[in-house]
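Have a look at the structure below before the remarks.
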Amino acid sequence: MSVELPPLTPKAGVAILILTAAFLALYLWGSAPSVMEGDSAELQTVALVGGIAHPSGYPLFIMAGNLFRHTLSGDLAHRITAMCAFFGALTIAVYVLVLRQVGLPFWSCLLGAAWYGTTYTFWWSSIRTEVYTLALLCFAIAMLKSLTYLRTRNPRDAAMTAFALGLTLAGHLAFCPAVLVIAATLIILRPGHMSFIGYLLLLFLPFVIGVSPYLYLFWADARHLPMNYLNYTINLDARQYGLSTAAFDDFWERIPWLVFGKESHPNVFLFSPRMLARNLLSAGAVEFLFEFGLPAFIPFILGIVKYKAFKKTAALLLLAIALSTVGLGIAFAYGRMLPVFLMAATFVVGIVLAHGIAVLVAAARRHLHAPKSLAIAFGSLFLVAGMLTPHILRVSTYYSYLGPLDWYVREEGQPTIDNVIPRLRHYWEPREYGNRVMSIVPKNALVAGAWDDIMILFYLHYAEGVRPDLTLDSFYREHLTRLAGWQKTYGLGERPVVLTSPPSILLDRPVQADSMAVTAGKWIYILKEPIRTAD
């Protein structure tokens with residue numbers, strides 16, 4: 001039987017808009033002003049000029065980035081970062097609606113969404129270029145429509161959920177467990193008036209449309225665009241990873257390497273009970289020390305014990321999403337990557353916390369005979385404490401790890417953020433480094449370097465057209481054949497080889513080179529003798 005929620009009042013709509021605008025302003029205020037390094041620089045470049053990013057290719061992000069490039073103004077790289085801030089703020093708005101779907105008071109929805117918006121992984125993803133806020137927005141929409149379907153059993157809501165689930169996977173594959181749980185729930189709770197085959201088609205077709213951005217990868221790979229992860233990280237001439245041109249010339253041979261990152265060696269802890277237990281404890285530390293903070297533990301327990309706002313099916317769905325997400329996280333991730341794998345679980349924890357806040361406020365009104373406004377003010381103060389505590393703990397772990405298991409939280413990539421209010425608004429170092437390198441590198445050189453540094457140069461070269469005479473190479477040890485072949489073809493004096501890291505680090509062998517200072521602690525190295533390979 002369908003149960004309709006009362007429509008949002010104009011006052012409630014204005015409140016959501018104000019909350020969304022406030023978070024957008026906060027994220028934009030703290031956002032990185034220009035190009036970054038590593039993955040962020042690569043994503044900025046690919047989103048601006050097209051191509052294929054590192055696994056899983058992130059086609060939805062690239063397509064959205066191309067749209068925002070032509071919509072916004074200012075620094076090109078910052079346009080993509082601003083896009084991430086926009087998706088982050090929009091996720092907060094959808095989060096309010098998700099909390100409303102589970103039956104929470106509207107003020108509790110606002111407080112819960114605000115608390116979620118200050119969790120650290122979500123926050124740093126909103127002030128730099130990363131794929132997570134777009135993926136989380138798609139997941140939030142999928143959660144909203146799935147909870148709506150549990151209430152209405154309307155096939156239209158099921159179809160919209162399936163579409164959002166497809167988009168979520170096109171955003172990031174870390175949401176696979178949550179997507180599978182929601183999809184299974186939709187199938188199990190089929191409307192009684194629909195045939196099983198007809199209902200599966202109703203779900204399958206929108207889902208396929210949702211994941212269809214992956215078709216972009218076929219197109220981009222066939223176009224031989226310069227920004228193609230498979231080309232600038234896999235060296236077929238050196239038979240890197242045992243591959244040859246004949247075994248890597250068809251897209252169906254290339255796609256497993258692209259989508260699933262077969263060249264990497266993921267950590268698998270399934271057969272290590274000790275590591276699983278350690279990671280499980282670390283997952284709890286992530287959520288209640290560094291994401292929501294220690295004050296969140298009280299409303300979280302209350303939200304579990306007194307789950308009256310949740311219908312049984314909704315409660316089971318949330319539980320299954322959290323458990324499956326944590327299971328994947330502790331089995332395949334640790335350290336910096338663990339919070340990323342826990343994103344869907346963090347989303348669920350925030351829902352439970354919002355219910356716990358409502359329980360606390362109701363108890364304050366009932367036992368202390370406090371007026372509603374005073375009780376809500378109490379809840380807001382509790383929220384502020386929850387917002388500040390994890391960031392204070394996070395900053396403290398930059399100097400000494402926490403607890404016997406050495407808990408800490410770090411961003412997935414550079415730079416580390418060591419201030420209580422996360423911000424990168426003055427982070428010009430990558431831009432300054434890249435500009436300096438491009439100004440001193442000899443003409444027609446091949447510039448090779450480790451991922452973090454070379455991607456800054458990739459951005460300047462391909463997105464802004466700086467130094468078109470240069471050839472850039474993302475350096476892997478297997479690329480010695482490529483560098484040696486370059487020197488054999490052109491000679492040292494004609495078209496030199498330049499490294500952005502010491503030759504002893506990259507080549508693992510002594511090579512004479514002239515060094516040139518770039519910025520504080522940064523040098524480039526111009527090779528003075530040929531590279532010799534084993535063959």
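Annotations
- FRET efficiency estimate (nearest 0.05) - Cβ-Cβ, residue 11 to residue 260, R0 45 angstrom: 0.40
- When each of 443/488; 488/528; 443/528; 11/306; 11/312 is checked by Cα-Cα distance, pairs over 21 Å: 11/306; 11/312
- You can think of it this way: the chain between residue 215 and residue 267 has 15.8 nm of extra reach, that is 0.36 nm per residue less the Cα-Cα gap.
- A Förster radius of 41 Å, combined with the Cβ-Cβ distance separating residue 336 from residue 241, puts the computed FRET efficiency at roughly 0.95.
- Degrees separating the helix 429-440 axis from the principal Cα axis of the chain, which is the longest one: 20
- Exposed GluC sites (Glu not before Pro) absent - longest run of the chain, DSSP non-H/G/I/E/B, at most 11 other C-beta within 10 Å: 5-493
- Net charge dipole size for the range 414-460 [Lys, Arg +1 and Asp, Glu -1 on Cβ; Debye, nearest 20]: 200
- Taking the C-alpha atoms of the range 186-248, convex hull volume expressed per residue in Å³: 149
- Signed unit charges on C-beta, dipole axis of the range 1-83, positive-most listed residue 7, 64, 31: 7
- Fraction of the pair-distance distribution of the range 442-486 above 11 Å, Cα-Cα pairs, percent: 66
- A Cα-only calculation for the chain places Rg and Dmax at 25.1, 85 Å.
- Fraction of the pair-distance distribution of the range 237-363 above 23 Å, Cα-Cα pairs, percent: 49
- Between residue 396 and residue 304, the C-beta separation translates, for a Förster distance of 35 Å, into a calculated FRET efficiency of about 0.80.
- Extension gain for the segment residue 281 to residue 251, taken as residue separation times 0.36 nm less the Cα-Cα distance, is 6.7 nm to one decimal.
- In the chain, the longest principal axis of the Cα atoms and the axis of helix 132-152 are about 30 degrees apart.
- Residue 439-residue 205 pseudo-label distance in nm [points 7 Å out on the Cα-to-Cβ vector]: 6.0
- Over all Cα atoms in the range 83-204, the spread is summed up by Rg and Dmax: 15.1, 47 Å.
- Given charges at beta-carbon only (K, R positive; D, E negative), |dipole| of the chain in Debye: 1900
- Mean residue ellipticity (222 nm) of the chain, computed from DSSP H runs ≥ 4 via -39,500 (n - 2.57), nearest 500: -18500 deg cm²/dmol
- Distance between the pseudo-spin-label points of residue 494 and residue 418 (7 Å out from Cα toward the beta carbon): 4.8 nm.
- Surface accessible to a 1.4 Å probe, per residue, for the residues of the range 210-309, Å²: 55
- Carbon/sulfur fraction of accessible area - the chain, other protein chains in place, 1.4 Å, %: 66
- With Cα atoms, 0 to 90° folded angle of helix 76-101 axis to the chain main axis: 20
The values are calculated or read from the model by the stated rules, or taken from the named source; none is laboratory data. If you're wondering where the values come from, they're calculated on a predicted model, not measured in any experiment. Cβ sites come from the backbone with ideal geometry, for glycine too, and all protein chains shown count toward neighbours. Accessible surface areas use protein heavy atoms only, side chains included; no ligands, DNA or RNA. Shrake-Rupley method; radii C 1.70, N 1.55, O 1.52, S 1.80 Å.
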